[in-house]
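Please read the structure below before turning to the comments.
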Amino acid sequence: MEEAVKTWHQKHKERLTEGQKIADSVASLMGSWGFIIGQSVLIFIWIVVNLTAYFYHWDPYPFILLNLFFSTQAAFAAPIIMMSQNRQGERDRMQARDDYETNVIAKREIEELQKSLLRIEAEKLNKIISLLEKHKIL
């Protein structure tokens, strides 16, 4: 059975470790509108509940606990996103290298085709000239 040729993207994906896949998923999630909207809703609820609570304000204004959560989230998110971006850069370099190799091969094939076409054209011209000479038209 013939094995399908894998693309550079498939090869790159197969080499990822579980940790790298998780980092890419987290970076993808954190860079989405769904995450931004969801986090904004949670922040709004947090602030409203803490400003309007009658008996117990677990995080009164200026919301120090909320700021601590954001700092912790940023401390973990930044390196995870950077890992994902580094892999994206690596993948882009791999794709650029493969594209370059493909272009070099295509260039060689085009040059060979041009040589073949020139050879065929020269052969045709030689045949035409020989026919004309044979019939003494020239």
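For every residue, the table says whether it meets (1) part of a loop (DSSP other than H, G, I, E, B); (2) within 30 Å of residue 7 (Cβ to Cβ); (3) small (Gly, Ala, Ser).
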position: 67; (1), (2), (3): no, no, no
position: 78; (1), (2), (3): no, no, yes
position: 96; (1), (2), (3): no, yes, yes
position: 108; (1), (2), (3): no, yes, no
position: 114; (1), (2), (3): no, yes, no
position: 119; (1), (2), (3): no, no, no
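I'd like to know if region 76-90 contains one or more residues that are under 30 Å from residue 13 (Cβ atoms) and in contact with a Ser or Thr (Cβ under 9 Å, 6 or more places away or on another chain). Break it down into steps so the answer makes sense when it comes.
Going through region 76-90, the residues under 30 Å from residue 13 (Cβ atoms) turn out to be 76-90.
If we keep only those that are in contact with a Ser or Thr (Cβ under 9 Å, 6 or more places away or on another chain) as well, we get 84.
Within region 76-90 (the criterion being under 30 Å from residue 13 (Cβ atoms) and in contact with a Ser or Thr (Cβ under 9 Å, 6 or more places away or on another chain)), the answer is yes, since at least one residue qualifies.
Kindly list the number of the only condition in (1) loosely packed, with under 10 Cβ neighbours inside 10 Å; (2) over 18 Å from the mean Cα position of the chain (by Cα); (3) part of a helix (DSSP H, G or I) that fails for residue 14.
(2) is the only condition that residue 14 fails.
At pLDDT 90 or above, out of contact with any strand residue (DSSP E or B) (no Cβ under 7 Å at 6 or more places or on another chain) and within 30 Å of residue 6 (Cα to Cα): is that true of residue 72 in this structure? Walk me through it before giving the result.
Values: at pLDDT 90 or above: yes; out of contact with any strand residue (DSSP E or B) (no Cβ under 7 Å at 6 or more places or on another chain): yes; within 30 Å of residue 6 (Cα to Cα): no.
In short, no.
Please specify each residue of region 16-34 satisfying the condition of being of a type in the set (S, T, N, Q) and over 21 Å from residue 94 (Cα atoms).
So in region 16-34, the residues of a type in the set (S, T, N, Q) come out as 17, 20, 25, 28, 32.
If the condition is that a residue be of a type in the set (S, T, N, Q) and over 21 Å from residue 94 (Cα atoms), then 32 is the only one that fits.
Name the residue that is modelled with the lowest pLDDT, counting only residues in region 93-138 that are within 53 Å of the chain's Cα centre (by Cα) and among the β-branched types (Val, Ile, Thr).
Step by step, filter region 93-138, then rank; the result is 102.
Being touching a helix residue (DSSP H, G or I) at 6+ places or on another chain (Cβ under 8 Å), free of Cβ contacts under 8 Å to residues at least 24 places away in the same chain and not small (Gly, Ala, Ser) narrows it down to one of 29, 51, so name that one. Before you say what the answer is, go through the steps one by one.
Values: 51 fails: touching a helix residue (DSSP H, G or I) at 6+ places or on another chain (Cβ under 8 Å).
None of the other options fit; the residue is 29.
The values are calculated or read from the model by the stated rules, or taken from the named source; none is laboratory data. Source: prediction; values computed, not measured. Note that we place each Cβ from the backbone using ideal geometry, even for glycine, and neighbour counts take in every protein chain shown.
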